[in-house]
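J.: Sharing a structure here in structure tokens format.
The values are calculated or read from the model by the stated rules, or taken from the named source; none is laboratory data. Note that the structure is predicted; figures quoted are calculated from it, not measured. Glycine gets a Cβ as well: all are built from the backbone with ideal geometry, and neighbour counts include every protein chain shown.
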Amino acid sequence: MNLKKLCTTALASAAMLLCASVSHAQAPQIVAVGSSGVFSNITIAMLAGDPITGTSTTCGTKLWTAGAAIAQGIDARNGSIPAEGGTIAVVWDNDTTPTTVCAYLSVDSVVGQRLFFGQAATGDATLNLTSAALTTAGANKVAFVTDTATTGLPSAVYSLLNGQHFNIAFTDIRPEDGQMAYGRAACNRSSVTDETCFGYGPLGGIGTSILSSYSQTSSQVVAFSISGTDPFTGLPIPGYKTINVGADPIVIFYNKTDTAAGGLGALLPTNINHTTVTSLWSGLIGVNDQLVGYQTGSPKALHVVAREPMSGTYNTFEWQMVHTRDSHGGDYGQEYNFGPTPAQCFTPPSTATYVPPTVSCANPMNVTGSGGATYGGFRTRAIGTGEEVNAVNSANNPNSLGYAFWGLGTFGGKSNIKYMTLDGVDPIYPSYSTNGGSFPNCTGAINLGTFSCTGPLPTFDNVKNGNYRNWSMIRAAVYNSYTPPTSGPSVTTLIQATQDQSHVNIPDFVPAIYCANAACTSTVDGMPAFRSHYPVSGKSANNGTASGFCASDQTAPNCVEEGGDVAGVAFLDIQDQDYFNLTGNEFLTWIQ
């Protein structure tokens, strides 16, 4: 068959795939999966480039986004593993002859780790786009940018991207902690007060779906490994490294719509202590008086919204707030006093209305606290950052509380919620008086030149100095075998553009490193604090700060970071470096 004639005349998808393999072998350069915590900023960096080096675009000027019905990650290690739907952003340079294509599928952090590390015969998981992508207009799923594809994803881009393996995973927690999170979620539970196992297993196989209380979405528990061999296929897990992207604080917030006596909208609490967080999210307490610390005269039950154990947000909140040594020795957690059965006691609506359920249930979660419906409050589950924030922001959920990683697009325009300091420390400003618990609001689109903000933008002073307790370092995981493309953006180019965007334009996190000049001949250590690492999931502990190499070049061979840190105590880099220079040791295994 004449290949030239086929490429110029055929319209079938198979032909497009064949043409793409010949003409555009370099693309796609980036096929990412993982955390929603950097989804917006990564997409903006793909589209708008690096504001410090002056690069106008990283991947192109074309954008198309879609939801979980169109985009999924396919884990081919076992035919019974469900597809993992997620929000996707695709950026490219040319509709008909694309040479640069980048994509990011946003899912839970631990799910993203599993899709990246799980090894089938052909490698890790693949990105699947349904044929609806070709005819469905961009859904504007990313804050502060506007989709350009108004009639669907171009077929040339679709053919290049569909079925490709992921080559980078973004995660809110280290892979070692993600592996621990999977094991904790999947292992058999001895009782409803067992905080070492949750019972969503079986361990080592395809487990139980963790259901949303508000919509028909779920988080699937499936086995994976980060080293050794794969639990399904027995194939070796490739060696990998992690690159620090930036530190993101978790913000604790509440619904303020109830302005009647005793309502949180009337009380307007400004602070929450971490021991109160432990008690509320484990169901030990749940009334307004216990939150504000005095008798209000009008007790009202609080509605506490948790995330799912496959979420990096959940695990950061769990190990820094709820299941901690200084909160009753770590006896409690967000799964305390209920288990995964009986399942499906009620069916949430297909489209979330955020009306609290009335049926008591374990999965989906709807659990009354120790004090009963009046004094114990109740706990429910949201799947994903968007659902968590929308559930608490809803007028249907007065006196509710939630938590989420900070993001301009996540919280901007959410008029029904207000955030609190934690132990008197503000997560995004120097002090609470800067903006009184309100969020800055940004509107418009960067790619249309209409982006603008009202209210002071975050400076993250108390994250940088280690005083704010509840934060995590977002990482990128890449295989040691990764080779940068000969043309188009590399993984490190994209990460640097993302960090520089956060430093200059979109303060969604504290960049670990950002360029010091337009040529980026030197960089600045943007995050001078770290968390103590510890051995876990078969990995040793190394903070990655003592040698100093990680602060200046995270891709250097002598930059070694290993072990978990989601439960670690925060230190300043200089403290670890000086301690190492004096003693040859690091601040390891300091657990919160």
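J.: How many of the residues in the stretch 564-592 are out of contact with any strand residue (DSSP E or B) (no Cβ under 8 Å at 6 or more places or on another chain) and within 20 Å of residue 525 (Cβ to Cβ)?
T.: 7
J.: Can I ask one more? Those residues that are over 19 Å from the mean Cα position of the chain (by Cα) and either closer than 20 Å to residue 114 by Cα or part of a loop (DSSP other than H, G, I, E, B) (or both), I need them from the stretch 60-73; list them, please. Before the answer, list the steps.
T.: Just the residues of the stretch 60-73 that are over 19 Å from the mean Cα position of the chain (by Cα), to begin with: 60-64, 69-70.
Within the stretch 60-73, 60, 61, 69, 70 qualify.
J.: With the requirement that a residue be among the hydroxyl-bearing types (Ser, Thr, Tyr) and either loosely packed, with under 15 Cβ neighbours inside 10 Å or closer than 18 Å to residue 486 by Cα (or both), what does the stretch 79-101 give you? Working first, answer last.
T.: Within the stretch 79-101, the first condition is being among the hydroxyl-bearing types (Ser, Thr, Tyr), and the residues that meet it are 80, 87, 96-97, 99-100.
The answer is 80, 96, 97, 99, 100.
J.: Keeping to the stretch 440-486, report how many residues are assigned to a helix (DSSP H, G or I) and touching an Asp or Glu at 6+ places or on another chain (Cβ under 9 Å).
T.: Filtering the stretch 440-486 down to residues assigned to a helix (DSSP H, G or I) leaves 446-448, 461-464.
Subset that is touching an Asp or Glu at 6+ places or on another chain (Cβ under 9 Å): 461-463.
Going through the stretch 440-486 one residue at a time, the tally reaches 3.
J.: Can you work out which of the residues in the stretch 205-236 that are in contact with a strand residue (DSSP E or B) (Cβ under 7 Å, 6 or more places away or on another chain) and aliphatic (A, V, I, L, M) is farthest from residue 175 (Cα to Cα)?
T.: Among them, the one singled out is 211.
J.: Still on this structure: Being at pLDDT 95 or above and of a type in the set (Gly, Ala, Ser) is true for just one of 246, 283. Which residue is that? Don't jump to the end; show me each part of the working.
T.: Working: 283 fails: at pLDDT 95 or above.
Of 246, 283, the one residue that is at pLDDT 95 or above and of a type in the set (Gly, Ala, Ser) is 246.
J.: Can you pull out every residue in the stretch 204-221 that is more than 22 Å from the chain's Cα centre (by Cα) and either basic (Lys, Arg) or buried (at least 18 other Cβ atoms within 10 Å of the Cβ) (or both)?
T.: Our first condition is that a residue be more than 22 Å from the chain's Cα centre (by Cα); within the stretch 204-221, this holds for 204-206.
206 - this is the single residue of the stretch 204-221 that is more than 22 Å from the chain's Cα centre (by Cα) and either basic (Lys, Arg) or buried (at least 18 other Cβ atoms within 10 Å of the Cβ) (or both).
J.: Sticking with this structure for a sec: From the list 271, 337, which residue is among the polar types (S, T, N, Q) and on the phi > 0 side of the Ramachandran plot?
T.: Values: 271 fails: on the phi > 0 side of the Ramachandran plot.
Exactly one of 271, 337 is among the polar types (S, T, N, Q) and on the phi > 0 side of the Ramachandran plot, namely 337.
J.: Could you tell me which of the residues 339, 265, 329 is in a helix (DSSP H, G or I), assigned by TED's automatic domain parsing to the domain that holds residue 426, modelled with pLDDT under 95 and out of contact with any strand residue (DSSP E or B) (no Cβ under 6 Å at 6 or more places or on another chain)?
T.: After applying the criteria, what remains is 329.
J.: Moving on to the next point. Name the residues in the stretch 130-140 that are within 25 Å of the chain's Cα centre (by Cα) and crowded, with 18+ Cβ neighbours inside 10 Å, would you?
T.: Initially, the stretch 130-140 is screened for residues within 25 Å of the chain's Cα centre (by Cα), giving 130, 133, 138-140.
Across the stretch 130-140, the qualifying residues are 133, 138.
J.: Test of understanding: among 339, 407, which residue is touching a residue at least 12 places away in the same chain (Cβ under 8 Å), within 25 Å of the chain's Cα centre (by Cα) and crowded, with 23+ Cβ neighbours inside 10 Å? Working first, answer last.
T.: On the way: 339 fails: crowded, with 23+ Cβ neighbours inside 10 Å.
That would be 407, the only listed residue that is touching a residue at least 12 places away in the same chain (Cβ under 8 Å), within 25 Å of the chain's Cα centre (by Cα) and crowded, with 23+ Cβ neighbours inside 10 Å.
J.: Just wondering, is there one or more residues in the stretch 243-254 that are in a loop (DSSP other than H, G, I, E, B) and among the aliphatic types (A, V, I, L, M)?
T.: We begin by selecting, within the stretch 243-254, every residue in a loop (DSSP other than H, G, I, E, B); these are none.
Scanning the stretch 243-254 turns up no residue that is in a loop (DSSP other than H, G, I, E, B) and among the aliphatic types (A, V, I, L, M).
This table checks each residue for (1) buried (at least 24 other Cβ atoms within 10 Å of the Cβ); (2) assigned to a loop (DSSP other than H, G, I, E, B); (3) of a type in the set (Asp, Glu).
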| site | (1), (2), (3) |
| --- | --- |
| 128 | no, no, no |
| 142 | yes, yes, no |
| 152 | no, yes, no |
| 163 | no, yes, no |
| 176 | yes, no, yes |
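J.: Confirm whether residue 300 is surrounded by fewer than 19 Cβ atoms within 10 Å (Cβ to Cβ) and charged (D, E, K, R). Full working, then the answer.
T.: Numbers: surrounded by fewer than 19 Cβ atoms within 10 Å (Cβ to Cβ): no; charged (D, E, K, R): yes.
No.
J.: Ok, one more. State which residue pairs qualify: first residue among the hydroxyl-bearing types (Ser, Thr, Tyr) and inside the stretch 573-592, second residue exposed (fewer than 14 other Cβ atoms within 10 Å of the Cβ) in any location, beta carbons under 7 Å apart, and separation of 6 or more residues or different chains.
T.: 579/585
J.: Need the failing condition index for residue 486 against (1) surrounded by fewer than 24 Cβ atoms within 10 Å (Cβ to Cβ); (2) of a type outside the set (Gly, Ala, Ser); (3) under 19 Å from the mean Cα position of the chain (by Cα); (4) under 24 Å from residue 241 (Cβ atoms), just the number.
T.: (3)
J.: So, one more: Restricting to the stretch 542-570, name every residue that is at pLDDT 95 or above and surrounded by fewer than 20 Cβ atoms within 10 Å (Cβ to Cβ).
T.: Hit for the stretch 542-570 is 569, nothing else.
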